[in-house]
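**Q** First the structure, then my questions, so here it is.
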2 protein chains.
Amino acid sequence: MNTKQSFGEYLRKLREDQNLPIRKVASKLDIDPSTLGKIERGERSANKEMLPILAELFGIEEKALGLILFSDKVAYQIIEEENTNEILKVAEEKIKYLKNKNLKQGSLDLK
Amino acid sequence: MNTKQSFGEYLRKLREDQNLPIRKVASKLDIDPSTLGKIERGERSANKEMLPILAELFGIEEKALGLILFSDKVAYQIIEEENTNEILKVAEEKIKYLKNKNLKQGSLDLK
DNA sequence: ATATTCAGGACAATAATTGTCCAAATGTAA
DNA sequence: TTACATTTGGACAATTATTGTCCTGAATAT
């Protein structure tokens, strides 16, 4: 897993390795080729519905693809702050706490 | 630093410790009391402009307040995924890479 | 009982996101 | 070069999310 790559860069590499035109992949995703181009260039974000389609198309794990997508989103969200590491650490503790809390309560009040 | 608290819960505690009504704090922030109530209950998000005002009002570090706010946002964004820890780890590496890259290039292309 | 405070829904305004369409640019092969 | 396919990127519209206000009713305090 190359964590230095953005989702778009990764996607483009996958596509080019298979010599597929944007047009074809876009068609699988049922979106305009221009939109996919923007996703590959990072001007747009992909959404979760695209993940299983892309995973199957390129023969990779959907979870791995999602990992790249979500880490992109998180990174983008806080990269302009100075204390990014601290933010991530506190977020991790918070998530741990919340997941445990909701587990005990039974109700998944996470939306 | 209590990482188990959300930004809103933390804010409410600060306010109640000083026996201030929502109305007064909202006025300092120049927003409707109802909006502040929602922020305290987590139904709305605070924004960065509010941080220095709140920090001064309650005599705490703006950075500490921002830490709680941003970690909240990150946690909220990914808490429904299963592999949250992995996402955070990859995000951290990505940020490290991007910050270093932009440092070297000089241009802060982060927006 | 009256005042104040707070909760929460309905609503409007604004901003952000998502996608399409098209024209220009780029690449590719004959 | 010509012809064709692909990609880029701007303008635009539609949808969705966010933000805040206003108002009513409930709870709390005096």
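**Q** Could you give every pair whose Cβ atoms fall below 6 Å, whose first residue belongs to region B:42-67 and is within 16 Å of DNA strand D (Cβ to nearest atom), and whose second residue is of a type outside the set (A, V, I, L, M, F, W, C) and outside any loop (DSSP other than H, G, I, E, B), counting only separations of at least 6 or pairs across chains?
**A** Sorted first by the residue in region B:42-67, then by its partner, the pairs are B:GLY42/B:GLY8; B:ARG44/B:LYS38; B:LEU51/B:GLU62; B:LEU51/B:GLY66; B:PRO52/B:GLU62; B:ILE53/B:LYS28.
**Q** Pick from region A:48-59 the residues that are more than 9 Å from DNA strand C (Cβ to nearest atom) and among the hydrophobic types (A, V, I, L, M, F, W, C): which of them is nearest to the other protein chains (Cβ to nearest Cβ)?
**A** Of the residues in region A:48-59, the ones more than 9 Å from DNA strand C (Cβ to nearest atom) are A:48, A:51-59.
Filter once more, so that each one left must be among the hydrophobic types (A, V, I, L, M, F, W, C): A:51, A:53-55, A:57-58.
Working: A:LEU51: 11, A:ILE53: 18, A:LEU54: 17, A:ALA55: 15, A:LEU57: 22, A:PHE58: 19 Å.
It comes out as A:LEU51.
**Q** How many residues are closer than 21 Å to A:LYS48 by Cβ, under 20 Å from the mean Cα position of the chain (by Cα) and at the interface with chain B (Cβ under 7 Å from one of its Cβ atoms) if we restrict to region A:73-98? Steps first, please.
**A** To start, the set of residues in region A:73-98 that are closer than 21 Å to A:LYS48 by Cβ comprises A:73-78, A:91, A:95, A:98.
Among the residues that remain, those that are also under 20 Å from the mean Cα position of the chain (by Cα) are: A:73-78, A:91, A:95.
Next cut, at the interface with chain B (Cβ under 7 Å from one of its Cβ atoms) only: A:73-75, A:77-78, A:91, A:95.
Residues that pass the stated criteria total 7.
**Q** Within region B:58-70, can you find the residues that are out of contact with any helix residue (DSSP H, G or I) (no Cβ under 6 Å at 6 or more places or on another chain), surrounded by 13 or more Cβ atoms within 10 Å (Cβ to Cβ) and more than 22 Å from A:ILE95 (Cα to Cα)?
**A** Answer for region B:58-70, where residues must be out of contact with any helix residue (DSSP H, G or I) (no Cβ under 6 Å at 6 or more places or on another chain), surrounded by 13 or more Cβ atoms within 10 Å (Cβ to Cβ) and more than 22 Å from A:ILE95 (Cα to Cα): just B:ILE60.
**Q** Could you check region A:1-41 and list, in sequence order, the residues that are on the phi > 0 side of the Ramachandran plot and within 13 Å of DNA strand D (Cβ to nearest atom)?
**A** Selection gives A:ASN19 alone.
**Q** Moving to a separate point now. State whether the residues of region B:30-47 include one that is loosely packed, with under 12 Cβ neighbours inside 10 Å, within 12 Å of DNA strand C (Cβ to nearest atom), within 16 Å of the chain's Cα centre (by Cα) and of a type outside the set (S, T, N, Q).
**A** Taking every residue of region B:30-47 in turn, at least one turns out to be loosely packed, with under 12 Cβ neighbours inside 10 Å, within 12 Å of DNA strand C (Cβ to nearest atom), within 16 Å of the chain's Cα centre (by Cα) and of a type outside the set (S, T, N, Q).
We did not get these values from a lab; they are worked out from the coordinates using the rules stated. Source: prediction; values computed, not measured. Note that we place each Cβ from the backbone using ideal geometry, even for glycine, and neighbour counts take in every protein chain shown.
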